[in-house]
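Let me begin by presenting the structure, written as structure tokens, before commenting on it.
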Amino acid sequence: MKRQRDALSIGIDVGGTSLRASVVDSNGQVIDSTQSPTPHSARALERGLDRAVKELAARHPVSAVGLAVAGFVNSDRTSVRFAPHLPWVNTPVAKQMSERIGLPVVLEHDANSAAWAEYRFGAAADGRNVVMVAIGTGIGAALLIDGRIYRGSYGVAPELGHIQVVPDGRACPCGKRGCWERYCSGTALVDTAVEFLASDQGSSTILARDVFLDPGSLTGRRIASAAQEGDEIARRTMEDFARWLGMGLALVSDVYDPDLIVIAGGVATSSSQFLDQAREHYGRLITGAGHRPLAQIRSTQLGEAAGMIGAADLARSEFLTSSR
Ligand SMILES: [Zn+2]
């Protein structure tokens, strides 16, 4: 097949719970998709990826595959060093999968893939130095400098979620304490609401009833909706989240001085409830406040599809050369 820049490629989001694969065109449009649960063994995972690619390749003339991986990818993007929810450890995934599938394969960290998609086709299209913060159970982050993905020296950058913001603060699964994501994530919303409820800081009808009926039922989404329904503890929890978000983004901007920040991840669906407040805190807490331009802070445009779209586009630009 003649390889052209406008050829179709496949992007696969290799997440801890599901494999989501899409055929993506050169404008970032998803034209077909398939999804299956993520298998637990390396062998079954590779079989699952093979199956997804073959299913889509049977319906479309695809030329390359990009894998967006929730884990550490080495800086030449051929191997997965370690992924907490996947069975790959120091595995040369690109080579293995390419031999198996018969198409060129490129790997990328999932946050980098998503940021790349937003830069090419979405919320960051007019950005130059872009920070993406994907807020879900934790914080995934990516950085584009002059329109290029910044990976650091060893492919690990930037772990913004684990910057310590509270000495001896809340325990983090990474082994440290007081990491930013412990105060600014879906998980953090629940922890903060539980703390406020326990210390009786304000009246609560909705959340207090939920916790009374089922202590495990609180979620970030529930807290956001309760805040909209007027629950005072939920509202204060969202305010606290907005403050931590603004503070963290100010810290990040003191290092990177971006012109654009994209907020993605599950929590972004409630961004109308915290983004304006977060912008205020950001503008107040950044070094040199009032004497420097501020980054624009926006919500994701591509949402959950961003990782797949970005991986597909990276695969296309890596392997397909223009026929002109
Ligand atoms: Zn941490």
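In table form, for the structure just shown:
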item: Residue match in the stretch 138-145 (condition: in contact (Cβ under 8 Å) with a residue 12 or more places away in the chain and surrounded by fewer than 21 Cβ atoms within 10 Å (Cβ to Cβ)); result: yes
item: Some residue of the stretch 271-285 being of a type in the set (S, T, Y) and modelled with pLDDT under 95; result: yes
item: Some residue of the stretch 273-283 being acidic (D, E) and out of contact with any Phe, Trp or Tyr (no Cβ under 8 Å at 6 or more places or on another chain); result: yes
item: Residue in the stretch 24-37 that is farther than 16 Å from E318 by Cβ and free of Cβ contacts under 8 Å to residues at least 12 places away in the same chain present; result: yes
item: Top-ranked residue in the stretch 175-219 [being more than 16 Å from the ligand (Cβ to nearest atom) and charged (D, E, K, R); ranked as nearest to A278 (Cα to Cα)]; result: E195
item: Residue list for the stretch 156-187, filter: in contact with a Ser or Thr (Cβ under 9 Å, 6 or more places away or on another chain) and surrounded by 18 or more Cβ atoms within 10 Å (Cβ to Cβ); result: G161, E181, Y183, S185, G186, T187
item: Residue check for I135: touching a strand residue (DSSP E or B) at 6+ places or on another chain (Cβ under 8 Å) and within 16 Å of the ligand (Cβ to nearest atom); result: yes
item: Some residue of the stretch 165-172 being in contact (Cβ under 8 Å) with a residue 12 or more places away in the chain, outside any strand (DSSP E or B) and touching a Lys or Arg at 6+ places or on another chain (Cβ under 6 Å); result: yes
item: Test: residue in the stretch 190-204 that is closer than 30 Å to G310 by Cβ and among the aliphatic types (A, V, I, L, M); result: yes
item: Answer residue from the stretch 213-269, given it is free of Cβ contacts under 8 Å to residues at least 60 places away in the same chain and of a type in the set (V, I, T) and is surrounded by the most Cβ atoms within 10 Å (Cβ to Cβ) among those; result: T237
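Here's the yes/no breakdown for (1) under 20 Å from H162 (Cα atoms); (2) small (G, A, S):
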| position | (1), (2) |
| --- | --- |
| S217 | no, yes |
| G220 | yes, yes |
| S225 | no, yes |
| E232 | no, no |
| R235 | no, no |
| E239 | no, no |
| D254 | yes, no |
| V267 | yes, no |
| G283 | no, yes |
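The values are calculated or read from the model by the stated rules, or taken from the named source; none is laboratory data. What you see is a predicted model, and the numbers here were worked out from it, not measured in a lab. Cβ sites come from the backbone with ideal geometry, for glycine too, and all protein chains shown count toward neighbours.
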